[in-house]
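**Student:** Below you'll find the structure I mean.
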Amino acid sequence: MYDVTSSFYDALYEGEQIRKFEVAYRLALLPLKEVVLDAGCGTGLITERLRGGGRFVVGVDFSKGMLRRAKERLGSRDTDLVLGDVERLPFRPRSFGLVLCLTVLQNCEPLKAISSLLRALKSGGFLVLSYLKRSRSAVSIEAVFGDLVVKDADPTDDFLVLNKEATRRFKWRAGRPPRGCMVSRIREVLNKIRWHKDFDPKDYEVHIVHRGALGDVKVVPVLCITEVLSGGFKFRDADGDEKVIPYHRVLLIRNRVSGDVLYSKEG
């Protein structure tokens with residue numbers, strides 16, 4: 001598809017992509033004298049703006065047509081263009097001081113791509129990515145990184161700025177069900193407890209990861225939950241403050257009276 005659209009891509013999306021780059025620039029200033037990756041570089045619109053300041057910019061894309069357009073735009077000065085897939089980047093680990101990936105994740109398995117992008121990132125570097133707000137990829141991304149999402153910075157995309165430490169959030173491996181399945185299950189259980197006539201919300205509690213609490217686990221009564229969202233749930237704490245808990249922090253949902261477990265992260 002992108003081989004075909006490469007001839008008119010800039011006419012359709014140049015303004016939109018530059019707008020997103022400007023948001024990314026505000027979120028993470030460009031490092032000087034560093035090797036930078038533009039993942040999903042397309043026709044080189046963003047790659048071109050990353051050059052300068054002693055930076056060497058690598059653009060990677062899976063479309064030969066897009067890369068041909070990028071070559072026409074960029075030449076070879078301080079730039080290298082590579083045919084490759086963001087889910088399996090053809091680079092050594094810790095190769096780049098900055099990685100940009102703007103509006104690409106809807107075209108792939110998003111968590112697999114983020115894992116690949118983080119692997120290519122140097123310690124001390126940053127990965128800046130955006131994804132379409134109204135997309136399937138948003139659900140699985142926010143299940144893992146929901147508390148880090150930068151919302152309302154752009155009309156169409158939400159943003160993430162991650163460092164190497166973000167790799168600790170990945171508990172999944174190849175062959176396991178996607179995290180979206182976990183999200184759907186938790187949402188289904190919470191909604192059933194809150195609204196089904198056969199359940200009494202006061203009997204149920206949610207165990208979440210909470211650093212600093214006893215055993216790093218906090219118990220949230222379902223009665224305190226005010227809203228079940230796509231990437232997490234809102235609850236009101238003892239001080240009356242409303243908090244958002246992303247689903248990847250949910251360990252257990254159970255009936256505190258009978259001990260019956262409705263959801264467990266362990267299986």
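The values are calculated or read from the model by the stated rules, or taken from the named source; none is laboratory data. All of these numbers come straight from a predicted model, not from anything done at the bench. Here the Cβ positions follow ideal geometry from the backbone for every residue, glycine too, while neighbour counts run over all protein chains shown.
**Student:** Which of the residues that make up the range 75-92 are modelled with pLDDT under 95 and either of a type in the set (Gly, Ala, Ser) or surrounded by 21 or more Cβ atoms within 10 Å (Cβ to Cβ) (or both)?
**Tutor:** Across the range 75-92, the qualifying residues are 75, 76.
Condition check ((1) in contact (Cβ under 8 Å) with a residue 60 or more places away in the chain; (2) touching a Lys or Arg at 6+ places or on another chain (Cβ under 6 Å); (3) not hydrophobic (A, V, I, L, M, F, W, C)) across all residues:
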| site | (1), (2), (3) |
| --- | --- |
| 11 | no, no, no |
| 14 | no, no, yes |
| 29 | no, no, no |
| 34 | yes, yes, yes |
| 74 | no, no, no |
| 87 | no, yes, yes |
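**Student:** What are the residues in the range 113-142 that are surrounded by fewer than 19 Cβ atoms within 10 Å (Cβ to Cβ) and of a type in the set (D, E, K, R), if any?
**Tutor:** Result: 119, 122, 133, 134, 136.
**Student:** Condition check: outside any loop (DSSP other than H, G, I, E, B) and either of a type in the set (Lys, Arg) or farther than 14 Å from residue 39 by Cβ (or both). Does residue 99 satisfy that?
**Tutor:** Against the criterion (outside any loop (DSSP other than H, G, I, E, B) and either of a type in the set (Lys, Arg) or farther than 14 Å from residue 39 by Cβ (or both)), residue 99 does not qualify.
**Student:** Same structure, new question: Of all residues in the range 150-162 being touching a helix residue (DSSP H, G or I) at 6+ places or on another chain (Cβ under 6 Å) and in a loop (DSSP other than H, G, I, E, B), which is surrounded by the fewest Cβ atoms within 10 Å (Cβ to Cβ)?
**Tutor:** Top of the filtered list is 153.
**Student:** How many of the residues making up the range 221-267 are out of contact with any helix residue (DSSP H, G or I) (no Cβ under 7 Å at 6 or more places or on another chain), of a type outside the set (A, V, I, L, M), surrounded by 15 or more Cβ atoms within 10 Å (Cβ to Cβ) and closer than 23 Å to residue 137 by Cβ?
**Tutor:** Here the count works out to 2.
**Student:** I'd like the residue in the range 116-153 that is out of contact with any strand residue (DSSP E or B) (no Cβ under 9 Å at 6 or more places or on another chain) and either under 11 Å from residue 105 (Cβ atoms) or of a type in the set (Ser, Thr, Tyr) (or both) and, out of all such residues, is modelled with the highest pLDDT.
**Tutor:** Applying the filter and picking the extreme gives 123.
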